[in-house]
Amino acid sequence: MFEFGYIWAFALFPLPFLLYWLLPAFKQRKEALRYPLFQQTIEASGKKAKSKAWIAKRNVMQWILLTLVWISLLTALASPQIVGEPEMKVKTARNFVIAADISFSMANTDWFIDGKRVTRWEGVKQVMREFIQQRQSDRLALVFFGTNAYLQAPLTTDHEVIKFMLEETDVGMAGQMTSIGKAIGYSLQIFEGDSLDQKVLLLLTDGQDDGRGIFPTDAARMAHQDSVKIYTIGIGEPTGTNSGLDESTLRSIANIAEGQYFLAQDAEQLEQAYITLNQLEPVEFEEEENKPVTLLYHYPLTIGMCLAFALSFFRGIIKLFKG
């Protein structure tokens, strides 16, 4: 809808007319020819000479142009604008770090999606894309770990960047082993110095900690002290002959950090784990009204400048003819 930002500006419309009425006219002296018999003429006519000044008079066209210029300036000052429909802007509710295991065991091809055999990591990525899309009000970060933990994407609300960095990651890029304790400890560093109270860590792994560095349960206690909630997801078959999944440790981590453990033996179970996680940590929309505004002040301002130019040109033409 169309509206004026400062409608009170039109109250200034009578101002130049009041000044014209209250202030004395500007007097301008003009040169005159000397008349040698001036004194004799005065005596003969019986009148006295007086000091006079010439006051410029404006014609109707000049008054109209001046009035239009003033109206244009007032209209620009009133800030005409088009205000769009109110939009609801989602504000950041929590920080959500996803720490995913990309050790060599994630290359096992024991998952099926749409009847096609895929690696565990490909299955995790496909389901994780939808999960990331649903976390609209969260700032997300990606941490990938193997022998060491690495930051792939810092905390951001640009989820397209998160999904892009997810696609650019492959198994083995962080080393062969699985360091769960390092992954948790490194993720806690990302939360440091942040002002948001809600902090969540989602840990996905199909192995057990390699025993190097900080122990996973000790890292979980540190997370609990920092008010970071940890949800753990075990990937793969826990009872398989080639399985290294340590469910006991993952449950302990989740219990210590007031989270929950999920087992995902296939893509469907992983998707169900994400659904449950969305219910446990629902997306919070802190909405604020945002009205898109398109300013139009430059249009009346341009018109006023053109009219002022026309007035100046019109006065020049008049002087030219009078001269």
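Quick notes on this structure:
- Neighbours by Cβ (under 9 Å, 6+ apart or cross-chain): first from the stretch 70-82, touching a residue at least 40 places away in the same chain (Cβ under 8 Å); second part of a helix (DSSP H, G or I) and of a type in the set (S, T, N, Q): 72/302; 76/302
- Residue-level check: of (1) surrounded by fewer than 17 Cβ atoms within 10 Å (Cβ to Cβ); (2) touching a residue at least 12 places away in the same chain (Cβ under 8 Å); (3) not small (Gly, Ala, Ser), residue 116 misses just (2).
- Total residues in the stretch 250-268 satisfying the condition of being within 18 Å of residue 129 (Cα to Cα) and in contact with a Leu (Cβ under 7 Å, 6 or more places away or on another chain): the figure is 1.
- Subset of the stretch 226-270 (residues that are in a helix (DSSP H, G or I) and surrounded by 17 or more Cβ atoms within 10 Å (Cβ to Cβ)): 249, 250, 253, 254, 256, 267, 270
- Among the candidates 9, 32, residue that is at pLDDT below 70 and assigned by TED's automatic domain parsing to the domain that holds residue 314: 32
- Residue within the stretch 41-64 that is outside any helix (DSSP H, G or I) and either modelled with pLDDT of 80 or more or in contact with an Asp or Glu (Cβ under 9 Å, 6 or more places away or on another chain) (or both) present: no
- Considered as a group, the residues in the stretch 191-222 that are within 25 Å of residue 276 (Cβ to Cβ), at pLDDT 90 or above and aliphatic (A, V, I, L, M) include one that is surrounded by the fewest Cβ atoms within 10 Å (Cβ to Cβ), and that residue is 200.
- Meets criteria (under 19 Å from residue 259 (Cβ atoms), surrounded by fewer than 22 Cβ atoms within 10 Å (Cβ to Cβ) and of a type outside the set (D, E, K, R)) for residue 186: yes
- Set 153, 174: member being within 34 Å of the chain's Cα centre (by Cα) and either touching a residue at least 60 places away in the same chain (Cβ under 8 Å) or surrounded by fewer than 15 Cβ atoms within 10 Å (Cβ to Cβ) (or both): 174
The values are calculated or read from the model by the stated rules, or taken from the named source; none is laboratory data. Computed from a predicted structure; not experimentally measured. We place every Cβ from the backbone using ideal geometry, glycine too, and count neighbours over all the protein chains shown.
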